[in-house]
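Encoded as structure tokens, here's the structure I'll be asking about.
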Amino acid sequence: MRFPLSSARFSSPYQTGGTHEKSQIFPIALFAVLLCGTLVPGARASEWDKKTIVTFSDAVEIPGQVLQPGTYVFKLLDSASNRNIVQVWNEEEDQLLATTLAISDERPQVSDKSVFSLEQFSTDSTPALRSWFYPGETTGRRFVYPQYLTTEQSGNTSSVR
């Protein structure tokens, strides 16, 4: 026996038909959405660009120039295709001082602070920034210097934290 659809009655366990029940569902759904939004960890900009503020008490060489004692901001260029382009800004971040290409560098242990390694190319030269590691990472950026400097490396390195 077949029943025409017009006489069939469909019901849902969720459908009660009252506006009072519907008005209670909206606040619960809104609360669930807000709760999920607060539980999702937000990505900080400094994690993407590795923004690091550092103060040097002495002059430090970076590829192409010497930074005088002071506070500087190091961060990666906002590029998804190349994560090894380092920008050096003044303390206020209103003047770009350098943009330099780096290569990946590795280290065995993680630090909870930024680590800058310095290298002395000769006894009378300004210490050069060798590498930079962001907190919590074993992969960092090694700065690339012209060949004539690297062939004279004396192996004197130090680490600034």
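Could you tell me which residue of the stretch 50-78 is nearest to Leu97 (Cα to Cα), considering only residues that are in contact with a Leu (Cβ under 6 Å, 6 or more places away or on another chain) and assigned to a strand (DSSP E or B)? Steps first, answer last, please.
Going through the stretch 50-78, the residues in contact with a Leu (Cβ under 6 Å, 6 or more places away or on another chain) turn out to be 50, 60, 62.
Those left that are additionally assigned to a strand (DSSP E or B): 60, 62.
On the way: Val60: 13, Ile62: 10 Å.
My answer is Ile62.
Confirm whether Leu101 is under 23 Å from the mean Cα position of the chain (by Cα), assigned to a strand (DSSP E or B), hydrophobic (A, V, I, L, M, F, W, C) and at pLDDT below 95. Lay out the reasoning, then the answer.
On the way: under 23 Å from the mean Cα position of the chain (by Cα): yes; assigned to a strand (DSSP E or B): yes; hydrophobic (A, V, I, L, M, F, W, C): yes; at pLDDT below 95: yes.
It is true that Leu101 is under 23 Å from the mean Cα position of the chain (by Cα), assigned to a strand (DSSP E or B), hydrophobic (A, V, I, L, M, F, W, C) and at pLDDT below 95.
Continuing with this model, one more query. Surrounded by fewer than 18 Cβ atoms within 10 Å (Cβ to Cβ), under 17 Å from Asp49 (Cβ atoms) and among the small types (Gly, Ala, Ser): is that true of Ser79 in this structure?
Working: surrounded by fewer than 18 Cβ atoms within 10 Å (Cβ to Cβ): yes; under 17 Å from Asp49 (Cβ atoms): yes; among the small types (Gly, Ala, Ser): yes.
The answer is yes for Ser79.
Go through the stretch 96-151 residue by residue and tally those that are of a type outside the set (Val, Ile, Thr), without any contact (Cβ under 8 Å) to a residue 24 or more places away in the chain and more than 18 Å from Asn84 (Cα to Cα).
Number satisfying all stated conditions: 3.
Next up: I'm trying to understand the selection: among the residues of the stretch 104-121, which are surrounded by fewer than 19 Cβ atoms within 10 Å (Cβ to Cβ) and either of a type in the set (A, V, I, L, M, F, W, C) or in contact with a helix residue (DSSP H, G or I) (Cβ under 9 Å, 6 or more places away or on another chain) (or both)? Outline the logic, then answer.
Taking the stretch 104-121 and keeping what is surrounded by fewer than 19 Cβ atoms within 10 Å (Cβ to Cβ), we get 104-113, 120.
Within the stretch 104-121, just Val110 meets the criteria.
Inside the stretch 118-133, can you point out the residues that are more than 14 Å from Pro63 (Cα to Cα) and part of a strand (DSSP E or B)?
If we filter the stretch 118-133 for residues that are more than 14 Å from Pro63 (Cα to Cα), which is where we start, we get 122-124, 133.
Matches in the stretch 118-133: Phe133 only.
Now a separate question. What residue, among those in the stretch 79-98 that are more than 17 Å from the chain's Cα centre (by Cα) and not in a strand (DSSP E or B), is nearest to Thr139 (Cα to Cα)? Write out each step before concluding.
If we filter the stretch 79-98 for residues that are more than 17 Å from the chain's Cα centre (by Cα), which is where we start, we get 90-92, 94-98.
Retained after the next criterion (residues that are not in a strand (DSSP E or B)): 91-92, 94-95.
Details: Glu91: 25, Glu92: 27, Asp94: 28, Gln95: 27 Å.
Looking at residues that are more than 17 Å from the chain's Cα centre (by Cα) and not in a strand (DSSP E or B), I get Glu91.
Now for a different question. If the Cβ limit is 8 Å and pairs must be 6+ apart or interchain, which residue in the stretch 51-67 that is surrounded by 18 or more Cβ atoms within 10 Å (Cβ to Cβ) pairs with which residue that is acidic (Asp, Glu)?
Leu67/Glu61
The values are calculated or read from the model by the stated rules, or taken from the named source; none is laboratory data. Computed from a predicted structure; not experimentally measured. Cβ sites come from the backbone with ideal geometry, for glycine too, and all protein chains shown count toward neighbours.
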